[in-house]
Amino acid sequence: MTDEDTRYEAVRSRDARFDGEFFFAVETTGIYCRPSCPAVTPKRHNVRYYATAAAAQGSGFRACRRCRPDAVPGSADWNVRADVVGRAMRLIGDGIVDREGVGGLATRLGYSARQVQRQLTAELGAGPVALARAQRAHTARVLLQTTPLPVTEIAFAAGFASVRQFNDTIREVYARTPTQLRAEAPDNRRAVAPAAGIPLRLAHRGAYQAGPVFDLLGSELLDGVEELTGRPGARSYRRALRLPYGTGVVRVDETTHDQPGAQAEHRGGWLDARLQLTDLRDLTTAVGRLRRLFDLDADPYAIDERLALDPRLAPLVAARPGLRSPGAADPDELALRLVAGPAEAARLVERYGKRLDAPSGTVDRLFPAPDDLLDTPVTTR
């Protein structure tokens, strides 16, 4: 959406289909929002548009407290684009800048740091540091509002280099101190002990057919690594995650929730999840991998529109809008499981899978890392 007339129409109609595709900021209030924000529609001459939340923050705007634009689903472009900008956004979302810096990001992309900075800024209005900073701010808000951890621990867990940097960023992005932001958390989500897991809302745009996704995950379960419990419509999926700083176990519930304040035909929503981590620095990476696993950044409107052009598919699309194609929480694991087959994958887990220090249900081990299998003969199907 490059035409400002179209963008303003999306803002005026509070069209949730474009949440995450662009952001708008209001010069008179100094606030930026998602297109579906329920606040009074601003006058057109006061509105500015940005490709990313980081670009809006870099221009001095703070996040709206009503629509929380930092928590919207990501753009579907980053899942399909193979150019340097698309690849960079996927790596930044996985926390590479926090772990390896801009130099590490550039090395992975095969470009110089200067070239990466120039290309991201030209297209998105923000460089890799600003994009990672916006991501850290969102991670910090989640931790502040869902755990009782001390502010100092949250600062470093979110990826900030110092408490001062953390405090300054939170004030700039949310116009609140960390203490004030924590006090605004809903009572039912406040101060959950980290041992019980961090409660998350995994947002999606448009309709989401959770049943078929859970059916597929259930049909491909790998004992010890994954678990599916409950009855259809109210199931919970658990799996172990290998992460850069440690390990994690996630539980995602099948029940979907509708986003309030949006037109019914354009409404999005979220899946409830609970994440247990051995190192909180892995929160951003874990969330990104879960979003890929459950295909939460897809654009169901574009997908359904294209599929409906086929007269044989059109009635199927109309009957089940919002079907998703699950991805992978760990690409290396998926590749080996596809090549080896279910029986051999189960044998590898049983023999080489690292046991978790804190099992959850029947999930008690990780899928073997590639390095663990270097000298291991693997039977392919």
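The values are calculated or read from the model by the stated rules, or taken from the named source; none is laboratory data. Since the model is a prediction, treat every value here as computed from it, not as a measurement. Every residue, glycine as well, gets a Cβ built from its backbone with ideal geometry; the counts of neighbours run over all protein chains shown. Protein only, heavy atoms only, side chains kept; ligands, DNA and RNA dropped before computing areas. Shrake-Rupley method; radii C 1.70, N 1.55, O 1.52, S 1.80 Å.
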Heavy-atom accessible area per residue - region 241-335, 1.4 Å, Å²: 48
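With a ≥ b ≥ c taken as the square roots of the eigenvalues of the C-alpha gyration tensor of region 1-154, please select rounded if a/c is under 1.5 and otherwise prolate if a/b is larger than b/c or oblate if it is not?
It is oblate, given that a/c is not under 1.5 and a/b is not larger than b/c.
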Whole-Hz ³J(HN,Hα) from phi, Karplus 6.51 cos²θ - 1.76 cosθ + 1.60, for region 18-35, glycine and proline x: 9, 4, x, 6, 7, 10, 10, 10, 10, 4, 6, 10, x, 10, 10, 9, 7, x
Calculated log10 I(q)/I(0) by the Debye sum over Cα atoms at q = 0.06, 0.08, 0.11 Å⁻¹ (choose from (i) -0.45, -0.72, -0.94; (ii) -0.23, -0.42, -0.83; (iii) -0.28, -0.48, -0.84), label: (ii)
Span-rule helices in the chain, defined as complete DSSP H runs reaching 20 Å or more along the axis (Cα) with Kyte mean at least 0.0: 128-146
Gyration tensor (alpha-carbon) shape descriptor, region 71-215, a/c threshold 1.5: oblate
Within-11-Å neighbourhood charge of R133 [Cβ basis; K, R +1; D, E -1]: -2
Alpha-carbon centroids, region 273-311 and region 318-351: separation in whole Å: 15
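First select every other residue whose beta carbon is under 10 angstrom from the beta carbon of A71; then total the charges, Lys and Arg +1, Asp and Glu -1. Intermediate results must be reported in sequence, preceding the final value.
Numbers: positive: R34, R68, R141, R201; negative: D19, D70.
Net charge around A71: +2.
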Inter-site label distance for A358 and R312 at 7 Å from Cα along Cβ, in nm: 5.1
Backbone HN-Hα couplings from phi across region 53-64 [Karplus 6.51/-1.76/1.60, Hz, Gly and Pro as x]: 5, 4, 5, 5, 5, x, 8, x, 8, 10, 6, 5
The chain: relative contact order in percent, alpha carbon pairs under 8 Å with at least 6 residues between: 15
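Between V40 and E123, what is the FRET efficiency for a Förster distance of 30 Å, r being their Cβ-Cβ separation, to the nearest 0.05?
On the way: r = 31 Å, r/R0 = 1.04.
With R0 = 30 Å, the Cβ-Cβ based efficiency is 0.45.
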Overall form of region 255-381 per C-alpha gyration tensor (a/c, 1.5; a/b vs b/c): oblate
Region 191-249, relative contact order in percent, only Cα pairs under 8 angstrom and at least six apart counted: 18
Options P178, C67, L334, ranked by Cα towards positive dipole end of the chain, top entry (Cβ charges): P178
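Compute, for the chain, the length of the dipole vector about the Cα centre, with Cβ point charges of +1 (Lys, Arg) and -1 (Asp, Glu) only. Units Debye, rounded to 20.
On the way: 53 positive and 48 negative charges, 190 e Å.
For this selection, approximately 920 debye.
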Accessible surface of the chain [probe 1.4 Å, protein heavy atoms]: carbon and sulfur percent: 51
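Normalising by the residue count of region 207-297, find the relative contact order in percent from Cα pairs under 8 Å and 6+ residues apart.
About 23 percent, as a whole number.
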